[in-house]
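Inspection log for the structure reproduced underneath, given as structure tokens.
The values are calculated or read from the model by the stated rules, or taken from the named source; none is laboratory data. As the structure is a computational prediction, the values presented were derived from the model and not from experiment. Glycine gets a Cβ as well: all are built from the backbone with ideal geometry, and neighbour counts include every protein chain shown.
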Amino acid sequence: MQNLLIIGGNRLQGAIDIHGAKNSVLPIISASILMNGKNVIHNCPDLSDVTAALKILGFLGIKYVRNGSDIAITSRKPTKFTIPDELMRSMRSSVMFLGSILARCGKATISTPGGCMLGPRPIDIHIKALKKLGASVKEEGGTLNFSADNGLVGTEIFLDFPSVGATENVIMAATLASGVTTLHNAALEPEIGDLISFLNGAGANIYDSGNGTVIIYGVNKLSSTEHIVIPDRIEAATYMAAAAVTGGNIKLNGIENRYMTAVNNAFIKMGCNIVCKDKTIAFDAPSRLKSIDFIKSEVYPGFPTDAGPLIISALCTAEGRSVFCEKIFQNRYVFVNELSRFGADISCDKTIAAIEGKEKLYGVHCNCTDLRGGAALIIAALKAEGKSRIGNICHIKRGYQDIAKNLRLLGADIKEV
Ligand code: EPU
């Protein structure tokens, strides 16, 4: 099993490039099923979740070539409409293949997604919306069989909660439906805008009002396109948190600043100085961070849940007491026990984490419980006195390309063993 060895205390300095967004490229790979001909997707990060999504594509009989950060997909109707259980389990977000397989094949079979470390991951909102589009669903021994014998038909859909995945599944399913679908209470995350622009590039007719209503005018056929994936705002937030705890001064290149407002505001409250220019962020942290009285995660444009563990980790050594409230995932704080090993003082009660800032953290041996919780442990280890060993880093590889290399470039003492 791979581990990260980190000797804390180095102040991060220098510049790095941000990769393409994991949460954009995954639905985009799924959406390629709806198209015909050769699609080229640029700026794809090298992540185990991307490899898992491509494996599903390959299983469905669709050929692709991965060349550095480019993926060329020869899109066609899949030869299969079932995703086997082991592929479903290889990536939590495999459910996002549902809408595109169903739209393209008129059927889709997936296994019931179980819970994950962040809590139960139900797909009731996806199912309700797909039923509105004319799909029927049968559950048999742990598998869900979807079919739309008469094709999917556009309609008005109101999501009970602006779920990112459900919004993506509806958009993909409705793209090839007959008629018009008006989707209300859709998620506003930038990665959804990226999916829409990929689909529109291939001939879809989707109008995003930007205020939670998306209108999808169904088309008969999509051709192909070339697309550049947007930058990963959570990867950027991770390096900002790492610079923040070490009193660092870094520059991040290849950022879309308009997506960073909530994250930037949080770091500004902590005393960091942030200058956004063109596609870069210049980030300068004070020698000791300030606490934040109260901050909560929300759907976009609010503070992202995925940046919660990062900011909690940074607040562990801030001056004073901070309170974080998690509004999206039930078990977001699953990583807190491991973080506490560093000497952090965090008490959690349901949605609330209260963090008493300590002057020092101490190097420890700990294990990643999940992707962003794993990144939080790296941030703590960069600050901690002495040596830390972080295990179970397969979680980190799901969402961060070259994290050790990038942190080394910024001056951290970190290696993978
Ligand atoms: N939910 C339901 N029913 C549903 C769908 C969602 O109850 O049918 C609940 C979930 O259980 C969760 C909340 O709604 O508590 C939010 O779920 P959502 O569907 O919005 O999230 P997702 O599509 O499963 C994506 C990202 C996550 C990110 C969330 C929230 C991808 C591949 N994943 O997940 O990313 O945290 O949106 O922004 O886009 C990560 O990158 O670390 C990550 C977990």
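Some values worked out for this structure:
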{"read-out": "Residue within segment 212-227 that is in contact with a Pro (Cβ under 7 Å, 6 or more places away or on another chain) and not hydrophobic (A, V, I, L, M, F, W, C) present", "value": "yes"}
{"read-out": "Exclusive hit being out of contact with any helix residue (DSSP H, G or I) (no Cβ under 9 Å at 6 or more places or on another chain), farther than 23 Å from Gly271 by Cα and in the same structural domain as Leu252 (by TED's automatic domain parsing), set Asn367, Asn406, Asn337, Asn392", "value": "Asn337"}
{"read-out": "The one condition in (1) under 15 Å from Arg398 (Cα atoms); (2) among the polar types (S, T, N, Q); (3) surrounded by 20 or more Cβ atoms within 10 Å (Cβ to Cβ) that Thr51 fails to fulfil", "value": "(3)"}
{"read-out": "Matching residues, segment 35-46, being hydrophobic (A, V, I, L, M, F, W, C) and crowded, with 24+ Cβ neighbours inside 10 Å", "value": "Met35, Ile41, Cys44"}
{"read-out": "Filtered residue count, segment 347-379, keeping only those that are surrounded by fewer than 20 Cβ atoms within 10 Å (Cβ to Cβ), under 26 Å from the mean Cα position of the chain (by Cα) and touching a residue at least 12 places away in the same chain (Cβ under 8 Å)", "value": "5"}
{"read-out": "Residue tally, condition aliphatic (A, V, I, L, M), away from the ligand (no atom under 13 Å from the Cβ) and part of a loop (DSSP other than H, G, I, E, B), over segment 168-211", "value": "4"}
{"read-out": "Leu118 modelled with pLDDT under 95, of a type outside the set (S, T, N, Q), over 25 Å from Asp160 (Cβ atoms) and out of contact with any His (no Cβ under 6 Å at 6 or more places or on another chain)", "value": "no"}
{"read-out": "Of all residues in segment 37-76 being closer than 17 Å to Asp232 by Cβ and assigned to a loop (DSSP other than H, G, I, E, B), the one that is farthest from the ligand (Cβ to nearest atom)", "value": "Gly68"}
{"read-out": "Test: residue in segment 87-101 that is free of Cβ contacts under 8 Å to residues at least 40 places away in the same chain and of a type in the set (Val, Ile, Thr)", "value": "no"}
{"read-out": "Candidate set from segment 267-303 (those that are polar (S, T, N, Q) and part of a strand (DSSP E or B)); member that is nearest to Ile18 (Cα to Cα)", "value": "Thr280"}
